[in-house]
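Enquirer: My questions will all concern the structure given below.
The numbers here are math on the coordinates, done by the rules we state, and not lab data. Remember, predicted model here, so these are calculated numbers, not experimental data. Here the Cβ positions follow ideal geometry from the backbone for every residue, glycine too, while neighbour counts run over all protein chains shown.
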Amino acid sequence: MNVYLDSIGCRLNRSEIEALARRFAASGHFVVPRPDEADVVVVNTCAVTAQAERKTRHTIRALHRANPQARIAIVGCYASLRPERSASFPAVAWVVPNAEKERTVETVGGRRQEAGGKRQETFAAPFLRTRACVKVQDGCDNHCTYCVVRSLRGRSRSRPLAEVVTEVQALVEAGYQEAVLTGVNLGSYGRDLGLEPPAGLDQRLHLGHHLGQGAAAGAPAQRAH
């Protein structure tokens, strides 16, 4: 199955769509560079502002115009906030909220057995970039009345440092030259792992020391949204 992936919004969304691309490739599917080459189009959406919602709707319509035959999977924040509206777009076959995002590959395409051709490597760079975005944290524990992020992504959750290091090392081996660590609220990294600031922040900022040769670990702004 040929899959085209697109992402709207922050670096966190980009990190998730890159991870989905690697998972589709590892499951025997082919990540294609253009929507008109795809059997399935996967869009990781944004809904943190009215403008982001408009951009999401515009992107979905544009992708459908580019390939009316492709089935579309709407994934992420817009799918969580507007599930019925998401399902109403032409050609939408799947609406995958954030809570189910980790199972997008199984939901959309299952696992295809290799048949003759060489399967893409798990950490191949389907986006052909030198910089990879790596999600280290998701969710938020703040209760800002103006912000919808907590209701869309839930409480703050940190990935263990060893897991992040393993992913970044694999990306380096695949040819990436830089890893940008991203999350909804990086300042809260490690609290749910029992690491209180500055310990959690220190582990994040010094991730580069654990990577060995070949890559630098960058830290974006504290809030991804």
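Enquirer: Highest mean first, what order results for 183-189, 79-85 on Cβ atoms within 10 Å?
Expert: Highest to lowest by the protection proxy: 183-189, 79-85.
Enquirer: If every alpha-carbon in the stretch 2-108 counts as one equal scatterer, what log10 I(q)/I(0) does Debye give at q = 0.12, 0.18, 0.19 1/Å?
Expert: Reported log10 I(q)/I(0), two decimals: -0.33, -0.78, -0.88.
Enquirer: Taking neighbour Cβ counts within 10 Å as the exposure measure, how do Val41, Val134 sort from fewest upward?
Expert: Fewest to most other Cβ atoms nearby, the residues stand as Val134, Val41.
Enquirer: Arrange His64, His58 by Cβ neighbour counts within 10 Å, fewest through most, would you?
Expert: With the sparsest Cβ surroundings first, the list reads His58, His64.
Enquirer: Among Cys144, Cys46, Cys77, rank each residue by its count of other Cβ atoms within 10 Å, from fewest to most, as a rough exposure measure.
Expert: By the 10 Å Cβ count, ascending, the order reads Cys144, Cys46, Cys77.
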